[in-house]
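To keep things clear, I will list the structure first and then write my remarks on it.
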Amino acid sequence: MMVNLLKPGSWFASPHPLIIKNRETFSRFDQSRPLAEYSFVVCDTELTGFDQKKDEIISIGAVMIRNLQIDLGTTFHRYIRPINIEHTKATLVHRITPQQLAAAPPLEEVLPAFIEFAKNSLLVGHCVTLDMGFLNRAARKILGGTLSNPGIDTIRMAQGYRRVLSGHFHGEEDGSRSYSLEDLTKEYHLPTFKSHDAFEDAMQTAYLFLFLLKKFRKGGLLTLKDIYRAGRV
Amino acid sequence: MTTFRENDVHAVAPEVAISFLKGIMPFNTLNANTLKSLARHCRIDFFPKGTRILTADTTELTHLFLIQQGGVKAFLEDDNGEVTLKDFRGEGAYIGALAIIRGTPANLNIETVEDTFCFLLPREIFLDLIEKQASFAHYYLKSFSEKIVTTAYNELRHHKVARRSNEDLYLFSIKVGDLVKDLRKVVASATIQEAAAHMSEHRVGCLLVHDTADAEKIVGIITDRDLRRKVVAAGLDYQQPVQTIMSGPVQTVLSQSLCFDVLLKMMATGVHHLAVERAGRIIGVITSHDIMLLQGHSPYYLLKEIRAQQQIPGLYPLAQKIPEVIRGLISEGAKAGNITQMIAILNDHILERMLTLLEQEMGMPPLPYCWLLLGSEGRREQTFKTDQDNAIIYADPADEAQKHKAETYFKAFADKAIDHLVNCGYPLCPGEVMAINPRWCQPLSVWKHYFERWIAEPDPQELRYATIFFDFRPGFGESALAEDLRTHLNRQIAGRDLFLFHLARQCMETRIPLSFFKNFIVEKDGEHKNRLDIKRQGLSPFVYFARVLALKYGVKETNTLARLKALMDGEWIQRELWSAASEAYELQMQQRLVHQLRQIEAGVLPDNYIDPADLSDLERRMLKDAFTVIERLYGVLGQMYPVT
């Protein structure tokens, strides 16, 4: 049942087996189990820019959280050769050299590996919708379907946590507060990493996520559903 | 370029962990590759402020905690909920190393006092490091030396057992030169078989090997392990010279080294046999086992050591260690029934070893004999330093000459044995119920006669002290003699109600000590003149009760708990009474043991007088409950043997 990626007509008719399996995995997803029973993949992508139409993913970094612990033995970090390699301006910001990118495999190779890695885990990210937007666009193109892994946004969690702390459950957001990863890390006194490598950002996000998750849990939020509720505005 | 990708996939993750580990002792001594592989096995966890991470005595450690950020406090909580703060630990500190190394649950409570991130290193990996990296063993063990106080933790938890400051100081005060045993060595050209024979003859686990030309020059060592691994398992010819399997050169320590330092060296190097050197000469071998023994906490080691003794005086210090061992058991929460069994086993082994050596010294006895243990020893209910109650029974002599020979031999034998027992710390019996008393050193027929008379013509006055004889058991020698006597005794008693009546009455003479509590309340502020004699007033009624019924129904057991059990099994007493009596009895035994242990530790001669002021409310209530069981026992006896 191999899908021939080079035969454009077949892509949309039937998605790649990975996508089908991914859908099945989450078709009866239960949000009411205790938090420790889920696995989470905290991920970060590096992009050539924020334009969904033009820009591309040039690296994916991710780390696994199992049993509410960061598992340093289960990590993921790949560079990706963009299609439009000449226009890559990200080199300075991302500390990726054009040589590194030229030597890297294409997304067609990396994306399935990432889906395998994330398997039945929830995807966690700082502003996860942005990362998932890019991933899903690529998945649709390459594999003929999108990822069904539920996402958790650490920004939403941080907002929820702040509301709990301040007691203003329905109040408007104070616009002066920053939700950047860097500022939250400082605010919560989390261990810091030198930033701007997708993997290190994923690690930093994993610390933030673990912090918030366990704070919530200590406050009595025991299931995934509880966490989602806390993050809802 | 594929290499780039492979690195990319596998090597990135641990960077966080590597830089963290690099920054803390003793991980900073590891090489890059080891660190890398360690880092991949780490997990990171977060504990919000106020999270209990470990609970003393409960949490089993699956990994070592290394604090990346934040802080914890370590504390103990005693039975009354009183908290003793032991330590604060911050970034870079570890949690749980001691418990992992010792293979025990956590010994302290750990709670975060700040939001805390920890690296978790799996237990097996940590143990592997301890074993393979000398710097690790040294680092963790050295810091334990300051707080080797695990036993002190026990004391806090079981506050009834008094604190002792010098518990582990043996390790710090005794030098290996004081411990070292006689030098045992063989020539390098000796065969493996000769060396093995030499080892088993002298009951040693290792031998030094000396140069063929120069007996002073030690070239190697062989151990039991070498014989197992290099010879038996490998199918090596036993006629090979011993130098083919020895390890050499031998590692040495100076005789003036402290035991603790030597133990450290052993743990760090994994070498458990070290040659001891004094003034440039090897004077013997020290093993980790020898040093462990010094701590004296393990009944097993003590037992092994007793068995290995070749000289009677060597038994003296071992017998003195029994309270130490028992103390360990009590603080580990063993029940009184088990504890008294353990005391009995250890005492029995001392006796067995001593009499075996004494037989060797004096030549074999002219007749088979059995060393009898009486009273509490016979019942396996000794606590600490109980008086000697013993006797000798020997086979009936065939003629006058043999009789004379036996009397002379056993008299001399008993004299020496009793002396040795005194040296071991078992005081003489004030009533002279001992084998040195000619009356209690007799052939089987005379013993049978003694019992016949006690049973047939019971004189209450005489019975009072004769009862301990009814609890005899074989301690050493020909136990068939003791069994013969027991069978004879049971046959005699059957149907002799007058004898049993006297025993029962004697039992009920002891008043139930409930007034003890009343007075305690009344004399709240006064001096507590009425102390409880827990042996006579509390425990004896149970012992007497069990004895009367055991004799009545021909139960051969002598131990009170075992007698009660047998009586229940035989449906002579109700199950409910059995369980109440066993519990009440064991509880009081425990109280008595703890009481005596505290006295020993305070340097006071142990006795049986319990001061009510020393008891908690809970203990007083439990004692009171135990006393009400005595009333029920008297009820059963009173119905069986009513005063008409």
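Tabulated results
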item	result
Search result, residues across the range A:192-232 that are of a type in the set (A, V, I, L, M, F, W, C), at the interface with chain B (Cβ under 10 Å from one of its Cβ atoms) and not in a helix (DSSP H, G or I)	A:F193
Check on B:A504, of a type in the set (G, A, S), in a helix (DSSP H, G or I) and in contact (Cβ under 8 Å) with a residue 60 or more places away in the chain	yes
Among the residues listed as B:L503, B:L463, the single one being surrounded by 21 or more Cβ atoms within 10 Å (Cβ to Cβ) and in contact with a helix residue (DSSP H, G or I) (Cβ under 8 Å, 6 or more places away or on another chain)	B:L503
Residues of the range B:99-113 classified as surrounded by fewer than 21 Cβ atoms within 10 Å (Cβ to Cβ), out of contact with any strand residue (DSSP E or B) (no Cβ under 8 Å at 6 or more places or on another chain) and on the phi < 0 side of the Ramachandran plot, total	4
Residue among B:A213, B:A268, B:A275 that alone is of a type outside the set (S, T, N, Q), modelled with pLDDT of 85 or more and outside any strand (DSSP E or B)	B:A213
Those residues of the range B:486-500 which are assigned to a helix (DSSP H, G or I) and more than 22 Å from B:L561 (Cα to Cα), in sequence order	B:H488, B:R491, B:Q492, B:D497, B:L498, B:F499
In the range B:389-418, the residues that are without any contact (Cβ under 8 Å) to a residue 60 or more places away in the chain, among the small types (G, A, S) and over 16 Å from B:E352 (Cα atoms)	B:A398, B:A401, B:A406, B:A412
Complete set of residues in the range B:107-135 that are closer than 28 Å to B:V83 by Cα and aliphatic (A, V, I, L, M)	B:L108, B:I110, B:V113, B:L120
Members of the range B:55-92 that are crowded, with 18+ Cβ neighbours inside 10 Å, within 14 Å of chain A (Cβ to nearest Cβ) and assigned to a loop (DSSP other than H, G, I, E, B)	B:G70
Residue list for the range B:460-485, filter: at negative phi and not in a helix (DSSP H, G or I)	B:F472, B:R473, B:P474, B:G475, B:F476, B:E478
Any hit, the range B:399-420, residues being surrounded by fewer than 16 Cβ atoms within 10 Å (Cβ to Cβ), in the same structural domain as B:I312 (by TED's automatic domain parsing) and not in a helix (DSSP H, G or I)	yes
Hey, A:Y179 of a type in the set (S, T, Y) and at the interface with chain B (Cβ under 10 Å from one of its Cβ atoms) or not	no
Matching option when the condition is over 26 Å from B:S200 (Cα atoms), of a type in the set (A, V, I, L, M, F, W, C) and surrounded by 17 or more Cβ atoms within 10 Å (Cβ to Cβ), among B:I306, B:I350, B:I330, B:I312	B:I330
Boolean, B:L21 is in contact with a Lys or Arg (Cβ under 9 Å, 6 or more places away or on another chain), modelled with pLDDT of 80 or more, more than 10 Å from chain A (Cβ to nearest Cβ) and buried (at least 18 other Cβ atoms within 10 Å of the Cβ)	no
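The values are calculated or read from the model by the stated rules, or taken from the named source; none is laboratory data. Fair warning: this is a prediction, and the values are worked out from it, not measured in the lab. Cβ sites come from the backbone with ideal geometry, for glycine too, and all protein chains shown count toward neighbours.
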